[in-house]
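Following: one structure in structure tokens, then a few remarks.
The values are calculated or read from the model by the stated rules, or taken from the named source; none is laboratory data. Every value quoted in this text rests on a predicted model; they were computed, and no experiment measured them. Here Cβ is always computed from backbone atoms with ideal geometry, including for glycine, and neighbour counts include all displayed protein chains. SASA here: full protein model, heavy atoms, side chains in, ligands and nucleic acids out. Shrake-Rupley method; radii C 1.70, N 1.55, O 1.52, S 1.80 Å.
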Amino acid sequence: MRARYRTVRFASPALWFAWWWAAASPIAHGADATATAWPTTAWQSAAPEEQGMSSAALGDLVDFGARNAMDSVLVVRHGKLVLDAYYAPFKPGMRHLVNSVTKAVVGTLAGIEFQDGTLGPLAAPVLSFFPERRVANLDANKKAMTLQSLLDSTSGLDWREPLSDAPPETMLQMERSPDWVGFVLDRPMAQAPGVGFNYDSGAWHLLSAIVAKQSGMDTAAYAKQKLFAPLGIADVAWRHDPQGVATGGYGLFLQPRDMAKIGYLYLHGGVWDGRQVLPAAWVDKAFHPQVAMNVGTFRYANGWWTVPEKQAHMAVGFLRQLIIVLPEIDTVAVVTGKQHYPILSLIDRVAAAAKSPQPLPADAAAQARLAERIADVGTEKRTPVAPASSLASAISGKTYRLAANWTGFETLKLDLTSPTPGYEATLAPAVPGGPARRIAGPIGLDGMFKVRDAQGLEPLLAVKGSWLNENSFQMISRSLLEGVVSTYVLTFHGAHVEISLEDNRGTRLHLQGDAAE
């Protein structure tokens, strides 16, 4: 999904890093595979100072993450894991929705398929891959749209999905369409392909469909065979559109440690344990992009963002899902989260922690403080809870039917008095004629989240609640795998309920309903 960015000035000149690395390091970046630690089975961990990083600076990075709603932060230096922190209730071993990092993965798959010779030339017209379709708004510009223009997000399609707080209007329309590929192909053209950058999840969905067509298998299956298996990535989930095409612009779930493997592949020029998984030229293009994003100095290629003056290359997803590759200091950083904050400030903090290409003197005190910080953020803190309202017993067990709304939220039932408090909600069918969807789980009334087990791609929800006053009950729901935080305020007036909803994606919604007879 969208990846938002806010401008901030940078302080550390990247050219200094290049000089420092060349002068101080006896082994240049890109050393032979025999000197490289390959984490196919598992990452090796090391004390930060052993890899030339400061434990104190990494502790500050953990605190930065706590202030900015991170779910995890991970740093790899010289092939070793030097920081691996998780913010409760998110835990190690959980997948996370990576949003538009998916674009970088689909771009990687296109590169692999290009290397295999099955993708075809990058100058190939996009429409040539869909001869069976009658395309609306057909004109010379649409006929000129190429694979490369999809990879560069310069398709020229009329698409409104801004890198700002504005709603991703066209992406949401695609989501509601019964045929996503057809919806994208039918869009009118706003300009000629290649003229300028425009953030466009639809173009990436077309690319996923093309990868599937040319490989003869589902994009997710192709990824498993050609990318995930070679890198030792096994715990993956991926959304699909109504026709079964893996979503190309977002919708991929990965563990943070596996996200780091993708960054590590790019750090090593597409090589993994002696095998050229991805063409070196493909990585080089991603790391030397020519397409200006019209956001600061950022440039774009093959699904990757680059900040040239920092020599930082990133896969970027909405709500700060990040893979950051810093070749000049032989570092990969991964972040998952649920809030926007200045990306450049994060890059500076990671870079500043790299004090030397060589080991530093051991710092037992700083390492102990770092371990304490990691343990602290990984422990959930109890929040204050107000006394229960006298309404709790009156509303418990009642089913409230909600007025029609675009979310499909149909009914809600709460149990706030039993030894195991909980909620049960129903939503309209995901597809016409399909079954209604039911979501149920526990509510923590003691200031701690209670977690509902996940089923497939259904959300892994952590929920807690407290009375705000005699008539209003607040529920906070965290979708742990998606990084979505929703706050519901339910205000009861006799048999009537009003529900105000806000979440960290910018959703603001007011619902109302009445208790069923």
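General observations
- On a per residue basis, region 372-436 carries 60 Å² of accessible surface, using protein heavy atoms and a 1.4 Å probe.
- Carbon plus sulfur fraction of accessible area for the chain, probe 1.4 Å, in percent: 55 percent
- In this simple spin-label approximation, MET448 and ASP165 carry label points 7 Å from Cα along the Cα→Cβ vector, and these lie 3.6 nm apart.
- Along region 363-379 the Karplus relation, 6.51 cos²θ - 1.76 cosθ + 1.60 evaluated at θ = phi - 60°, assigns HN-Hα couplings of 9, 4, 5, 5, 5, 5, 5, 4, 4, 5, 5, 4, 5, 5, 5, x, 10 Hz to successive residues, with x for each Gly and Pro.
- Mean-position separation - Cα centroids, region 188-208 and region 255-304, in angstrom: 20 Å
- Annotation: ARG478 carries an accessible surface of approximately 20 Å², with a 1.4 Å probe and no ligand, DNA or RNA atoms counted.
- The chymotrypsin sites (Phe, Trp or Tyr not before Pro) of region 404-474 meeting both criteria, a DSSP state outside H, G, I, E and B (loop) and at most 15 other C-beta atoms within 10 angstrom of the site's C-beta, are TRP406.
- Normalised by the number of residues in the chain, the average gap of Cα pairs under 8 Å and 6 or more apart makes the relative contact order 19 percent.
- FRET efficiency for the pair ARG275 and ALA190, taken as 1/(1 + (r/R0)^6) with r the Cβ-Cβ distance and R0 = 45 Å, rounds to 0.65.
- Heavy atoms of SER479 accessible to a 1.4 Å probe, total area in Å² rounded to 10: 10 Å²
- Region 285-383 shape via C-alpha gyration tensor axes, a/c threshold 1.5: oblate
- Label selected from (i) 39, 32, 19; (ii) 46, 24, 20; (iii) 42, 26, 20, the criterion being semi-axes √(5λ) of the Cα gyration tensor in Å as computed here: (i)
- The phi torsions of region 498-503, fed into the Karplus equation with coefficients 6.51, -1.76 and 1.60 and a -60° offset, translate into couplings of 10, 10, 9, 10, 9, 9 Hz, rounded to whole numbers, with Gly and Pro shown as x.
- Positive-end residue, region 244-357 charge dipole about Cα centroid, Cβ charges, pick of PRO256, HIS313, MET293: PRO256
- Spin-label proximity, THR297 to region 304-341 - amide N less than 19 Å from point 7 Å beyond Cα toward beta carbon: 304-315, 324-330
- Sequence-distant lysines (8 or more away, or on other chains) whose Cα lies within less than 23 Å of LYS226: LYS103, LYS213, LYS261, LYS285
- Whole-Hz Karplus values for region 441-450 come out as x, x, 10, x, 9, 10, x, 10, 5, 10 Hz, taken residue by residue from phi with 6.51 cos²θ - 1.76 cosθ + 1.60 and θ = phi - 60°; glycine and proline positions read x.
- Theoretical FRET efficiency, 1/(1+(r/R0)^6), r = Cβ-Cβ of ALA364 and PHE64, R0 25 Å, to 0.05: 0.60
- Separation of the LEU468 and LYS213 label points, Cα + 7 Å toward Cβ, nm: 5.0 nm
- Straightening the chain between ALA237 and ARG438 buys 70.3 nm, computed as 0.36 nm per residue apart minus the Cα-Cα spacing.
- With a Förster radius of 41 Å applied to the C-beta separation of SER396 and ALA221, the computed FRET efficiency comes to 0.30.
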